[in-house]
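One structure below.
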Amino acid sequence: MGNCCSDVAGGQSAVGGATSNSAASAPNDAVDAFLRSRGYKGLFSQIELSLSAENLRDLDVFSKSDPMAVLYMKGSDGSLQEIGRTEVVLNSLSPKWITKFIVTYHFEMVQNLIFRIYDIDTQFHNIDIKTIKLEEQQFLGEASCTISEIITKRNRILALNLSRDGVSVPSHNKKNGQLMVYAEECVASRTTVELILRCSDLESKDLFSKSDPFLVISKFTESGTLVPICKTEVLKNDHNPRWNQILLSIQQVGSKDSPLVIECFNFNSNGKHDLLGKVQKSLTDLEKLCSVSIGESLFIPVSVGQNHQNKILKSQLFVDKYSENMQHTFLDYLVGGYELNFMVAVDFTASNGNPRLPDSLHYIDPSGRPNAYQRAILEVGGVLQFYDTDRKFPAWGFGARPIDGPVSHCFNLNGSSTYCEVEGIHGIMTAYTSALFNVSLAGPTLFGHVITNAAQIAGGSVARNERKYYTLLIITDGVITDLQETKDALVTASDLPLSILIVGVGGADFKEMEILDADKGDRLESTTGRVASRDIVQFVPFRDVQSGSISIVQSLLAELPSQFLSYVRARGISP
């Protein structure tokens, strides 16, 4: 690796540098496949990190230190994965490194970064930095943060105090120097392709009507796994469908030349959709189809003996629109001051079981192991807390009888009769535990009241022109008994800056939740016939993810950025 010079006043030089480092932080393909198969569309953005430091400790006798920074990603098991190293900046206690780190930002995950600074011995200045044994170098200090903490800063610059003993230090303690981390979103994340697709002469798969077609667009991962990244709405009873415009970021696809598989399915309410045909094309290919206004024949794979062939169909795919634009991204809105505010509602109905008995879903284990309710609060709140500056969270319970009162379907979890907010995730956990011993579990299970309360808060924020988007987490064990009232509340809430996340705990039948989560069919309709302006509900049964291999957070939060963007873009709100 060749040397490069650092453009820093005073003629300081750098050795062993490169312009960028690729992060080895790709998502797990198996997890992606699980999530995508359920329609979850997580946010993936490439972030470029630049580093500088001030007032580093001077450990050299005859000159200043020669610092190098190393970046690690911390896994959920506490293990550290090295992402890359900067060049060595010679004779400097306030270096500005040229080398950039490219990391993939996942909104639905808490991504912990560890930065370590070393003074590199002179004898290692002319060798490849990758071969330097860090244990042989002088350690100057380390700092840690999450990616969320960086990208939510107005200027995307985060100052971190360095520590030499691995213990976090107060903000005023700068004796080991400071590290400045600057984040910038890569251009590819902003480039969006707008597509309008249609098909002709689709086959009929239904006995008494035409097919109900929808498209699924998938990409190949590096391991060859095919994962969905986008799907259209379902068009009823149509053999020549033309779907609404869809948006794909270049970052989401990989590149314009990356192969995509576009599959056309006939929708079935049981989830077993019939394949009507598919094509494999890149964005470049789709752009060409649009420019010449011709269709591409669909095919269906068939097996003939030991051979696999494609049966070409008369059905065709057409690209009526292809355009590339620079879109404001989710991160642009965060930098512009938008906040995500977290709210939670907990089911206290009697079907959860006596909280004092080990078989109860509300049982507080003396060993400290969280129950399903606690785990959902910790995991979802653990991500969203970084996007809420005051960290004061409205928290409610429903389906219980508070002391000396009737059954309430929306009571303040903190026991107050005047305010519903608690301080931080710890405040939610404390209020939840306290409520278990201060209410009598009852029923039935009603969602309408808590959704209406959340909608009132979101509506008040709009009236005050605040730049806030709200997320209500509902954790429940049972079948709701106010399905239509809940639909009415959700249709009203769909016009507000609000998303609803539902975790189903226990072994109940959650068919109503699947109805509320409109991923698999039509949008919700109110009693008056009004249709929801957008899908704001995401549901996941806890039993599907409790093995620990897939996080509740990943399952629930993957669609939140797209729901947020659908709200601000539909209203022409700019960052």
When every residue in the stretch 268-285 that is farther than 16 Å from V319 by Cβ and out of contact with any Leu (no Cβ under 9 Å at 6 or more places or on another chain) is compared, the one surrounded by the most Cβ atoms within 10 Å (Cβ to Cβ) is H273
Inside the stretch 303-324, the number of residues satisfying the requirement of being open to solvent by less than 50 Å² (accessible area, probe 1.4 Å) and without any contact (Cβ under 8 Å) to a residue 12 or more places away in the chain is 0
**Filter result for V187 (farther than 23 Å from G254 by Cα and modelled with pLDDT under 90)** = no
Of the residues in the stretch 514-553 that are assigned to a helix (DSSP H, G or I) and acidic (D, E), the one that is modelled with the highest pLDDT is E514
| request: Examine the stretch 94-112 for a residue that is touching a Lys or Arg at 6+ places or on another chain (Cβ under 8 Å) and aliphatic (A, V, I, L, M), and state whether such a residue exists. | output: no
Within the stretch 68-107, residues outside any loop (DSSP other than H, G, I, E, B), open to solvent by less than 40 Å² (accessible area, probe 1.4 Å) and not aliphatic (A, V, I, L, M) come out as Y72, G84, R85, F101, T104, Y105, H106
Selection over the stretch 291-311 where residues are more than 35 Å from the chain's Cα centre (by Cα), within 21 Å of S200 (Cα to Cα) and of a type outside the set (G, A, S) yields a count of 4
Output for Cβ contacts, cut-off 6 Å, separation at least six or different chains, first residue closer than 22 Å to L160 by Cβ in the stretch 119-146, second open to solvent by 40 Å² or more (accessible area, probe 1.4 Å) and outside any strand (DSSP E or B), reads D119/L59; Q138/L59; L140/R57; G141/R164; T146/V110
For the stretch 468-486, the count of residues that are open to solvent by 40 Å² or more (accessible area, probe 1.4 Å) and in contact with a Ser or Thr (Cβ under 9 Å, 6 or more places away or on another chain) equals 5
Note on the stretch 350-365: residues of a type outside the set (G, A, S) and surrounded by 11 or more Cβ atoms within 10 Å (Cβ to Cβ) are N352, N354, P355, R356, L361, H362, Y363, I364
Take L56 and decide whether it is over 18 Å from the mean Cα position of the chain (by Cα), at pLDDT 95 or above and within 23 Å of R164 (Cα to Cα).
-> no
Within the stretch 388-401, the count of residues that are open to solvent by less than 10 Å² (accessible area, probe 1.4 Å) and more than 14 Å from E423 (Cα to Cα) comes to 4
Here the residues within the stretch 417-453 that are within 26 Å of the chain's Cα centre (by Cα) and either among the charged types (D, E, K, R) or open to solvent by less than 50 Å² (accessible area, probe 1.4 Å) (or both) are E421, V422, E423, G424, I425, G427, I428, M429, Y432, F447, V450, I451
Pairing a residue in the stretch 444-466 that is touching a residue at least 12 places away in the same chain (Cβ under 8 Å) and of a type in the set (F, W, Y) with any residue that is surrounded by fewer than 20 Cβ atoms within 10 Å (Cβ to Cβ) and not in a helix (DSSP H, G or I), where Cβ atoms lie under 7 Å and the two sit 6 or more apart in sequence or on different chains, gives F447/D482
Taking the stretch 204-231 and the residues there that are at pLDDT below 85 and among the aliphatic types (A, V, I, L, M), the one that is nearest to L313 (Cα to Cα) would be L207
* To do: Output yes when any residue across the stretch 254-261 is without any contact (Cβ under 8 Å) to a residue 60 or more places away in the chain, open to solvent by 40 Å² or more (accessible area, probe 1.4 Å), among the basic types (K, R) and in a strand (DSSP E or B), and no when none is.
  => no
- Item | A400 vs. criteria of a type in the set (A, V, I, L, M), closer than 27 Å to E379 by Cβ and in contact with a Gly (Cβ under 8 Å, 6 or more places away or on another chain) | no
All conditions in (1) surrounded by fewer than 15 Cβ atoms within 10 Å (Cβ to Cβ); (2) within 26 Å of G382 (Cβ to Cβ) are true of T122 except (2)
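The values are calculated or read from the model by the stated rules, or taken from the named source; none is laboratory data. This structure is a prediction, so every number in the text was calculated from the model and none was measured. Please note: Cβ atoms are built from the backbone with ideal geometry, for glycine as well, and neighbour counts cover all protein chains shown. All accessible areas refer to the heavy atoms of the entire protein, side chains included, with ligands and DNA or RNA removed. Shrake-Rupley method; radii C 1.70, N 1.55, O 1.52, S 1.80 Å.
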